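As structure tokens, the structure follows; a few thoughts come after it.
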Amino acid sequence: MRDPVTAVTGITYDRESIKHWLLDGKNSTCPVMKQPLTKDSDLTPNHTLRRLIQSWCDENASRGIDRLPNQRTPLDRSCLLKLIRDIRCHRSEIETLRRIDMLAVENERNRNLMIEVGVPKAIISYVANCCDENRTIGLEEALHILVLLRVPSAPGNLLIGQNDRIIKTLTWVLGCEVDNCVAVRSHTLIVLERMFKAASSSVLERLKSEFFQTIIRLLRNGITQQAVNASLHILLDSCPWVRNRAMMVEHGAVFELIELELGFPEKKTTELILGVLFHLCSCADGRAQFMGHRCGIAVVSERILNVSQSADECAVFILSMLSKFSGNSMFVREMLMVRAVSKLGLLLQADCAYLKDKAREILKTHFDEWR
């Protein structure tokens with residue numbers, strides 16, 4: 001070891017070796033403990049071990065052993081301010097972005113210092129300029145930095161007054177054809193999700209049709225699982241506004257969500273999908289799109305009592321709205337065919353009084369036909 005560092009799991013590694021392990025893209029666990037270890041995990045210098053190694057090197061100098069190189073000095077504000085100036089002046093942009101990315105990966109102290117001196121604003125401005133000039137160079141590095149710095153969750157609400165421009169910019173990024181587009185799009189969606197959590201209602205009620213079209217198009221293609229969940233959070237946060245729900249349905253959100261759920265995703269993804277479907281089925285066009293998918297009722301019914309209480313509530317609400325507003329003969333027959341009626345019967349024995357009442361209400365509405 002030349003630069004020993006201790007990971008959050010308590011195991012000490014050589015800095016370059018563990019960074020290479022994590023940045024490889026295929027590894028996300030501690031090699032020894034097998035516990036989760038992300039590439040932006042803190043790596044704490046192990047000074048005691050380094051002094052022991054240095055002492056051993058000194059003792060064996062006569063055998064040709066070299067001393068360890070001097071440790072790097074801690075990152076300071078002046079260095080970061082120079083990097084910000086280089087980005088703004090378009091000097092060696094890619095090298096500068098990679099340098100910032102490397103420093104951000106290194107430790108939490110560096111990331112906090114970057115937030116203090118305004119690195120997130122500089123990176124956001126860089127991405128916005130790329131959008132204005134229609135150039136894609138440096139986007140991968142810039143978006144990864146924004147994810148590492150947890151923009152816009154960073155202190156100070158860095159995006160006040162810039163929300164509309166940022167949404168427009170990030171929508172453009174999602175539509176770009178770039179190298180490593182899976183990583184770029186996934187990082188963009190994670191940043192957007194955080195932004196939506198911090199955005200005001202006035203921003204969310206002004207979203208454009210193109211925005212939803214882009215998000216829905218990416219749901220099943222070319223993004224990571226984390227980005228899929230981020231996309232679903234974005235849709236869910238946008239659902240309280242009728243206008244937004246109408247635009248989602250217009251771009252086929254109901255169909256895409258059912259198709260996504262048919263792939264048996266993880267529990268959290270299922271809960272998010274059913275949450276969005278519940279909101280979209282509150283409008284007539286959403287219910288029509290749901291009924292138009294041959295697996296809609298089957299997949300929602302299948303999830304009842306198989307995922308979580310949250311999923312049960314959304315699934316039962318969806319069936320309740322279909323029963324009340326779209327309960328034609330086809331709906332009645334299909335509910336029997338896919339054993340949804342049996343599931344509702346089982347819910348009558350559940351602990352949740354609210355779900356019992358909803359199940360009883362649906363069963364009562366079509367009792368004669370089902371009997």
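A few notes on this one:
- Projected label distance in nm at Glu95 and Leu75, using a 7 Å step from Cα toward the beta-carbon: 1.9 nm
- Look at (1) 21.9; (2) 23.7; (3) 22.7: the one that is Kirkwood radius over Cα pairs in Å derived from this structure is (2).
- Estimated from the Cβ-Cβ distance and a Förster radius of 22 angstrom, the FRET efficiency linking Ala284 and Cys352 is about 0.15.
- Solvent exposure, largest accessible area first (probe 1.4 Å, DNA, RNA and ligands not counted), of Met114, Met330, Met321: Met330, Met321, Met114
- Cβ-based net charge around His251, under 10 Å, with every Lys or Arg adding one and every Asp or Glu removing one: -2
- Build a GNM of the chain with springs between Cα atoms under 10 Å apart, and of Ile273, Ile84, Ile53 the one that fluctuates most is Ile53.
- Å² of accessible area per residue within the chain, as computed with a 1.4 Å probe and no ligands counted: 50 Å²
- CD proxy at 222 nm, helix term only [per DSSP H run n ≥ 4: -39500 (n - 2.57); per residue of the chain; nearest 500]: -19500 deg cm²/dmol
- With a 1.4 Å probe rolled over the protein heavy atoms of all chains, the accessible area of Thr214, Thr48 falls in the order Thr48, Thr214, largest first.
- Gain upon complete extension [Lys121, Ser17; 0.36 nm per residue less C-alpha separation]: 34.3 nm
- Using the Cβ of Asn306 as centre and a radius below 10 Å, the other residues enclosed give a net charge of +1, where K and R count +1 and D and E count -1.
- Across Phe290, Phe325, Phe212, mean-square fluctuation computed from a Gaussian network of the chain (C-alpha pairs under 10 Å connected) peaks at Phe325.
- Projecting label points 7 angstrom from Cα along Cα→Cβ for Thr6 and Gln226 puts them 2.6 nm apart.
- Electrostatic tally near Met335: other residues with Cβ closer than 11 Å to its Cβ, Lys and Arg +1, Asp and Glu -1, net +1.
- Full-stretch length increase - Ser201, Phe264 - with 0.36 nm per residue and alpha-carbon distance subtracted: 19.4 nm
- Solvent accessible area, Å² - Glu261, 1.4 Å probe, full protein context: 0 Å²
- Solvent exposure of Cys283, expressed as accessible area, is near 40 Å², computed with a probe of 1.4 Å over the protein chains only.
- Other-chain or far-sequence residues with amide H under 5 Å of Thr29's (modelled H): Leu37
- For the residue pairs Lys121/Lys168; Lys268/Lys343; Lys19/Lys268; Lys168/Lys197, the C-alpha atoms sit more than 24 angstrom apart in Lys19/Lys268.
- The chain, relative contact order [Cα under 8 Å, separation at least 6], %: 8 percent
The values are calculated or read from the model by the stated rules, or taken from the named source; none is laboratory data. Computed from a prediction, not measured in an experiment: that's the story for all the values here. As a convention, Cβ positions derive from the backbone with ideal geometry for all residues, glycine included, and neighbour counts pool all protein chains shown. Calculation scope for accessible area: heavy atoms of the full protein, side chains included, ligands and nucleic acids excluded. Shrake-Rupley method; radii C 1.70, N 1.55, O 1.52, S 1.80 Å.
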